[in-house]
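These notes are about the structure you will find just below.
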2 protein chains.
Amino acid sequence: MYFRALVFLEKNQKDYISSSELAEFVHIKPPQIRKDFSYFGAFGTKGIGYDIKNLINEIQSILKLDSPQKAALIGAGKLGTALCLFPGFKAYGFEISAIFDKDPDKIGKKIGNTTIEDVATVDSLTQRNIKLAILAVPANTAQSTTAELVQAGITGILNLSPCYLDVPPDVKVVTIDIAMELGALPYYI
Amino acid sequence: MYFRALVFLEKNQKDYISSSELAEFVHIKPPQIRKDFSYFGAFGTKGIGYDIKNLINEIQSILKLDSPQKAALIGAGKLGTALCLFPGFKAYGFEISAIFDKDPDKIGKKIGNTTIEDVATVDSLTQRNIKLAILAVPANTAQSTTAELVQAGITGILNLSPCYLDVPPDVKVVTIDIAMELGALPYYI
């Protein structure tokens, strides 16, 4: 969240920010921000604040976002295709360098510059040094596909299927459930 | 989160669940779960646990998900189209009953059964009693579109544009930043 806010502020030509200004962006209280930043030795200058570019570099390095990361997309349906063409991944250094699907009509076709491969050959990821996967398959095949991905050496999964994934403890899953997020809104309207 | 987990468990033919079983699903400690549920008078039965159907009904009613909710989609690009056809919204009672875009080539065409309207006529939402919007437009038009939505009486926005939205205090925004979520993974892999 800090990273995203700081990148946004940098784009808007800001060089320095105080913890109270940043607090407004991230909805975290200024003392917490100062505490968090002090963990990696970032201390603001009185009356000037924090050097934004410096903070971005620090956080980028902590999050291992300072070198390009290859990711595989599993599922070339409407959502997968939209994600594949989504320009926002570049800001974080991500490149979708492999796409898999099980539909024979899709295999061999391209999204952008990347050819869709048969999901049955997903084990080729082991040789290609791809550790990240974006899972955009229907809920009913998500778990079996995940098992194959883990087998192929994937250790980080961004799960867009509305379901729970059972993975070994050394595999990290982040789930985005768009319907659930929308489900939080009626309470407020 | 509780709602999603309980719906999942109900689909898997479970009638009762203990707070420790539920804890495994939602990654929240059992005492916290018992405390949360006690707020709305849900108390498990010793040796049996909580009645799942009953909990679902309670939470659905608290979150105002117990009656159908109409939502408008703004932006009929690849992501918007994928969302529009996404079956997962139905579980929460959502129906996308209006779609807007600014592209003359898209206006008048249909996604599913819904005709794409000109985003210049977004003020018609006032008369149609639609309070929820899903925003899937590029970041550079997100803020101006949001201002028009607020003007048209929208009070809940699911924002899929990778940017911050400035809204009045009575408007609730939930932002899903898919790239940021993926950005959390390299640290672990």
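The values are calculated or read from the model by the stated rules, or taken from the named source; none is laboratory data. This structure is a prediction, so every number in the text was calculated from the model and none was measured. Positions of Cβ are generated from backbone atoms using ideal geometry, with glycine treated the same way; all protein chains shown enter the neighbour counts. All accessible areas refer to the heavy atoms of the entire protein, side chains included, with ligands and DNA or RNA removed. Shrake-Rupley method; radii C 1.70, N 1.55, O 1.52, S 1.80 Å.
Mind checking whether some residue in region A:21-28 is charged (D, E, K, R) and closer than 19 Å to B:Pro186 by Cβ?
no
Look through region B:143-156, keep the residues that are among the small types (Gly, Ala, Ser) and within 12 Å of chain A (Cβ to nearest Cβ), and return whichever of them is farthest from B:Val122 (Cα to Cα).
Per the criteria, the residue is B:Gly156.
For region B:122-129, indicate whether the set of residues that are open to solvent by 30 Å² or more (accessible area, probe 1.4 Å), within 11 Å of chain A (Cβ to nearest Cβ) and modelled with pLDDT of 95 or more is non-empty.
No - not one qualifying residue is present in region B:122-129.
Condition test on B:Ala179, is it small (Gly, Ala, Ser) and within 7 Å of chain A (Cβ to nearest Cβ)?
For B:Ala179, the condition - small (Gly, Ala, Ser) and within 7 Å of chain A (Cβ to nearest Cβ) - is met.
Check B:Glu117, B:Glu95 and return the single one that is more than 9 Å from chain A (Cβ to nearest Cβ), under 25 Å from B:Phe3 (Cα atoms) and not aromatic (Phe, Trp, Tyr).
Matching residue, one of B:Glu117, B:Glu95: B:Glu95.
I'm trying to understand the selection: among the residues of region B:49-66, which are of a type outside the set (Val, Ile, Thr), over 20 Å from the mean Cα position of the chain (by Cα) and assigned to a helix (DSSP H, G or I)?
Hits for region B:49-66 are B:Lys53, B:Asn54.
Looking at region A:146-177 only, could you name the residues that are assigned to a helix (DSSP H, G or I) and either out of contact with any helix residue (DSSP H, G or I) (no Cβ under 7 Å at 6 or more places or on another chain) or not assigned by TED's automatic domain parsing to the domain that holds A:Gly80 (or both)?
A:Thr146, A:Ala147, A:Val150
Consider B:Ile189 against the criteria (1) part of a loop (DSSP other than H, G, I, E, B); (2) farther than 21 Å from A:Phe94 by Cβ: it satisfies all of them except one. Which criterion is unmet?
Every condition holds for B:Ile189 apart from (2).
For region B:157-176: of the residues being over 20 Å from B:Ala76 (Cβ atoms) and within 7 Å of another protein chain (Cβ to nearest Cβ), which is least open to solvent (accessible area, probe 1.4 Å)?
Top of the filtered list is B:Val174.
I'd like the full set of residues that are free of Cβ contacts under 8 Å to residues at least 40 places away in the same chain and in contact with a Ser or Thr (Cβ under 7 Å, 6 or more places away or on another chain), limited to region A:48-81.
Hits for region A:48-81 are A:Gly49, A:Lys78.
Pull up region B:57-68, narrow it to residues that are surrounded by fewer than 18 Cβ atoms within 10 Å (Cβ to Cβ) and more than 8 Å from chain A (Cβ to nearest Cβ), then point me to the one that is nearest to A:Lys78 (Cα to Cα).
B:Pro68
Take the residues of region A:69-87 that are within 13 Å of the chain's Cα centre (by Cα) and surrounded by fewer than 19 Cβ atoms within 10 Å (Cβ to Cβ): which is modelled with the lowest pLDDT?
Across region A:69-87, the extreme among qualifying residues is A:Pro87.
Could you tell me whether region B:98-113 includes any residue that is without any contact (Cβ under 8 Å) to a residue 60 or more places away in the chain, within 9 Å of another protein chain (Cβ to nearest Cβ), open to solvent by 60 Å² or more (accessible area, probe 1.4 Å) and assigned to a loop (DSSP other than H, G, I, E, B)?
No, there is no match, as no residue in region B:98-113 is without any contact (Cβ under 8 Å) to a residue 60 or more places away in the chain, within 9 Å of another protein chain (Cβ to nearest Cβ), open to solvent by 60 Å² or more (accessible area, probe 1.4 Å) and assigned to a loop (DSSP other than H, G, I, E, B).
Would you mind stating whether B:Gly108 is in the same structural domain as B:Ile17 (by TED's automatic domain parsing) and touching a strand residue (DSSP E or B) at 6+ places or on another chain (Cβ under 9 Å)?
Here the answer is no, as B:Gly108 does not meet what is asked.
Among the residues of region A:33-43, which ones are open to solvent by less than 40 Å² (accessible area, probe 1.4 Å) and modelled with pLDDT under 90?
The answer is A:Ala42, and nothing else.
Inside region B:88-97, can you point out the residues that are crowded, with 19+ Cβ neighbours inside 10 Å and in contact (Cβ under 8 Å) with a residue 24 or more places away in the chain?
B:Tyr92, B:Phe94, B:Ile96
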